[in-house]
Amino acid sequence: MKKIYHLCFLTLVSACSQAPDRRFASVPPLGQELIPPEEERATKEILELVARGYSQPRPPKGPTGRIIHHKEHGCVHGELEVLESAPQNLRHGVFSETRKFPTWLRLSNGSGERRHDSVPDGRGLAIKLLTVEGPKLAEEVHTQDFLLQSAPNFFARDVVDYVKFMKQATAPGLKGVAEFVRDLNLANAADRESLKILAASADVPKSPLTATYFSALPQRLGPHAAKFKAIPCPGWAKLDASLGARAKKDFLKDVMGTYLRSRDACIELQVQVQTDPELMPVENARVVWSPDLSPFVPLARIVIPKQNFRTEKRKEFCEHLTFNPWHSIEAHRPLGGLNRVRKVVYERSQGHRHKLNNQRSAEPVPGETHE
Ligand code: HEM
């Protein structure tokens, strides 16, 4: 999986065109899914890629980290507060009542390596709410996770495209980007579209706390299919751009650390509801749902109090946390093929690394700050 994030050949793919969507004979109705017959086989192949990722040589010191989103800027605690202004028709699941949830956030680079933060990359924001009651779709008991990335869409349309692309990108014997591009069948419109989206997904934010993040894949919001977005809270103190010396390898951690030493931060969580099954598809992750069809609406904000997250104890806690979009109540069930495969992929990935690190996955306890 690692090589995929080396794809810095932005200009090579600028002339790419949108791939036609021919996988499905019909479009599933509003809020519904449609499982293609090839999905089961493709899922097995993805699991083999994950296992191969964890069979690479282990780091000389420290624990084996995640095969993607490997480098954390930090894990911070905060509190999610459902907004009083959240409209009645969007009040479902954890957003039903105007209440607060203790929250953990892990901010990361997308790559599978600890690279310099100035290398363009996708960025991740993983959110875990605690004290969430009700039956869950995967193993944790009191949590609701939301996983977001810094791009509004995903490079693969579905699981079949994903596995085909990843197999090429991680083929044994591949020496680097040049070979990967050479071997790719650029006459194939789907590959060109994937490259274009990957290229557009990679950038360098001023701070992990002020970037914009998207769920990119849909999930339930009660009866609706919906996508989520996180932005800095409007009107909140802006980040001082001079805080980060961009020459440093971990400058995004430095920027976040300096900011949170003296000030609280705030992230607003917004939702976009699917209103058109064709123009806002559930089974084609390449398509950005246009805000002209359905705008993003603020639902909640997460206040992150000032804190020192750069301690050994916090780092260790952060390393062993497990995020999975299926740590979810039914009201926020992940939707679409790529989400269906994520259930088993995240469980398997976390299983591999916990085994290698001789660790057990454990849910965070509310009130413990691991400082
Ligand atoms: C747009 C869709 C996606 C988003 C927003 C997303 C986001 C994330 C984020 C934020 C993390 C880091 C979690 C952490 O901090 O612990 C992560 C980890 C990971 N993601 Fe995704 N992801 C997406 C799609 C996928 C897909 C389709 C796959 C594979 C089929 C995948 C496989 C993984 C794996 C294996 C990890 C490491 C899990 C671990 O060992 O903890 N992701 N993802």
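Residue count for the range 206-226, restricted to those that are within 14 Å of the ligand (Cβ to nearest atom) and surrounded by fewer than 19 Cβ atoms within 10 Å (Cβ to Cβ): 1.
Based on this model, can you work out whether Pro36 counts as part of a loop (DSSP other than H, G, I, E, B), at pLDDT below 90, over 21 Å from Val344 (Cβ atoms) and not aliphatic (A, V, I, L, M)?
Numbers: part of a loop (DSSP other than H, G, I, E, B): yes; at pLDDT below 90: yes; over 21 Å from Val344 (Cβ atoms): no; not aliphatic (A, V, I, L, M): yes.
Taking the combined requirement at face value, the residue does not satisfy it.
Is it the case that some residue within the range 188-196 is modelled with pLDDT under 95, under 22 Å from Arg115 (Cβ atoms), buried (at least 19 other Cβ atoms within 10 Å of the Cβ) and within 15 Å of the ligand (Cβ to nearest atom)? Yes, that holds for at least one residue. Looking at the range 350-367, can you tell me whether even one residue there is within 25 Å of Thr212 (Cα to Cα), in contact (Cβ under 8 Å) with a residue 24 or more places away in the chain and charged (D, E, K, R)? No, there is no match, as no residue in the range 350-367 is within 25 Å of Thr212 (Cα to Cα), in contact (Cβ under 8 Å) with a residue 24 or more places away in the chain and charged (D, E, K, R).
Provide a single number: the residues in the range 327-353 that are within 20 Å of Ala156 (Cα to Cα), touching an Asp or Glu at 6+ places or on another chain (Cβ under 8 Å) and either in a loop (DSSP other than H, G, I, E, B) or within 8 Å of the ligand (Cβ to nearest atom) (or both).
Counting residues in the range 327-353 that are within 20 Å of Ala156 (Cα to Cα), touching an Asp or Glu at 6+ places or on another chain (Cβ under 8 Å) and either in a loop (DSSP other than H, G, I, E, B) or within 8 Å of the ligand (Cβ to nearest atom) (or both) gives 4.
Quick one: would you say Asn324 is among the polar types (S, T, N, Q), in contact with a Phe, Trp or Tyr (Cβ under 8 Å, 6 or more places away or on another chain) and buried (at least 22 other Cβ atoms within 10 Å of the Cβ)? Considered against the rule, which asks whether it is among the polar types (S, T, N, Q), in contact with a Phe, Trp or Tyr (Cβ under 8 Å, 6 or more places away or on another chain) and buried (at least 22 other Cβ atoms within 10 Å of the Cβ), Asn324 comes out as yes.
For the range 114-133, name all the residues that are crowded, with 24+ Cβ neighbours inside 10 Å and out of contact with any Leu (no Cβ under 9 Å at 6 or more places or on another chain). The answer is Asp121, and nothing else. Every condition in (1) part of a helix (DSSP H, G or I); (2) at positive phi holds for Thr131 except the one numbered (1).
Take the range 52-73 and flag every residue that is within 11 Å of the ligand (Cβ to nearest atom) and touching a helix residue (DSSP H, G or I) at 6+ places or on another chain (Cβ under 8 Å).
So in the range 52-73, the residues within 11 Å of the ligand (Cβ to nearest atom) come out as 53-54, 64-73.
Those that are within 11 Å of the ligand (Cβ to nearest atom) and touching a helix residue (DSSP H, G or I) at 6+ places or on another chain (Cβ under 8 Å): Gly53, Tyr54, Thr64, Gly65, Arg66, Ile67, Ile68, Glu72, His73.
Examine the range 281-289 for a residue that is within 16 Å of the ligand (Cβ to nearest atom), buried (at least 18 other Cβ atoms within 10 Å of the Cβ), among the small types (Gly, Ala, Ser) and closer than 21 Å to Ile46 by Cβ, and state whether such a residue exists. Quick ask: steps written out before the conclusion?
Initial filter on the range 281-289 (within 16 Å of the ligand (Cβ to nearest atom)): 281-289.
Next, from what is left, pick out any that are buried (at least 18 other Cβ atoms within 10 Å of the Cβ): 281-287, 289.
Going one step further and asking which of them are among the small types (Gly, Ala, Ser), we end up with 285.
Filter again for closer than 21 Å to Ile46 by Cβ, leaving 285.
Yes, the conditions are met somewhere in the range 281-289.
I'd like to know if the range 128-139 contains one or more residues that are touching a Pro at 6+ places or on another chain (Cβ under 6 Å) and closer than 28 Å to Ala225 by Cβ.
The initial filter retains those residues of the range 128-139 that are touching a Pro at 6+ places or on another chain (Cβ under 6 Å), namely 130-131.
Then drop every residue that is not closer than 28 Å to Ala225 by Cβ, which leaves 130-131.
Checked the range 128-139: at least one residue is touching a Pro at 6+ places or on another chain (Cβ under 6 Å) and closer than 28 Å to Ala225 by Cβ.
Within the range 290-314, the residues that satisfy the criterion of being surrounded by fewer than 18 Cβ atoms within 10 Å (Cβ to Cβ) and free of Cβ contacts under 8 Å to residues at least 60 places away in the same chain are Ser290, Pro291, Asp292, Leu293, Pro295, Lys306, Glu312, Lys313.
Considering only the range 233-259, how many residues are under 30 Å from Gln274 (Cα atoms) and at pLDDT 95 or above? Selection size over the range 233-259: 1. The single condition among (1) at pLDDT 90 or above; (2) of a type in the set (A, V, I, L, M); (3) more than 13 Å from the ligand (Cβ to nearest atom) that Leu148 does not satisfy is (3). So which residues in the range 134-170 are crowded, with 20+ Cβ neighbours inside 10 Å, assigned to a loop (DSSP other than H, G, I, E, B), among the β-branched types (Val, Ile, Thr) and out of contact with any strand residue (DSSP E or B) (no Cβ under 8 Å at 6 or more places or on another chain), if there are any at all? Answer for the range 134-170, where residues must be crowded, with 20+ Cβ neighbours inside 10 Å, assigned to a loop (DSSP other than H, G, I, E, B), among the β-branched types (Val, Ile, Thr) and out of contact with any strand residue (DSSP E or B) (no Cβ under 8 Å at 6 or more places or on another chain): there is none. For Leu321, state whether it is out of contact with any Lys or Arg (no Cβ under 8 Å at 6 or more places or on another chain), aliphatic (A, V, I, L, M), in contact (Cβ under 8 Å) with a residue 12 or more places away in the chain and under 22 Å from Gly112 (Cβ atoms). Spelling it out, it is not the case that Leu321 is out of contact with any Lys or Arg (no Cβ under 8 Å at 6 or more places or on another chain), aliphatic (A, V, I, L, M), in contact (Cβ under 8 Å) with a residue 12 or more places away in the chain and under 22 Å from Gly112 (Cβ atoms). Entry remark, the range 45-87: residues being over 14 Å from His320 (Cα atoms), modelled with pLDDT of 95 or more and of a type outside the set (A, V, I, L, M, F, W, C) number 8 in total.
Only residues that are within 20 Å of Lys128 (Cα to Cα) and over 15 Å from the mean Cα position of the chain (by Cα) were counted across the range 210-224, and they come to 4. Among the conditions (1) hydrophobic (A, V, I, L, M, F, W, C); (2) surrounded by fewer than 21 Cβ atoms within 10 Å (Cβ to Cβ); (3) closer than 30 Å to Ile329 by Cβ, the only one that Ala245 does not satisfy is (3).
The values are calculated or read from the model by the stated rules, or taken from the named source; none is laboratory data. Since the structure is predicted, the reported quantities are computational estimates derived from the model, not experimental observations. In this analysis, Cβ positions are derived from the backbone assuming ideal geometry, glycine residues included, and neighbour counts consider all displayed protein chains.
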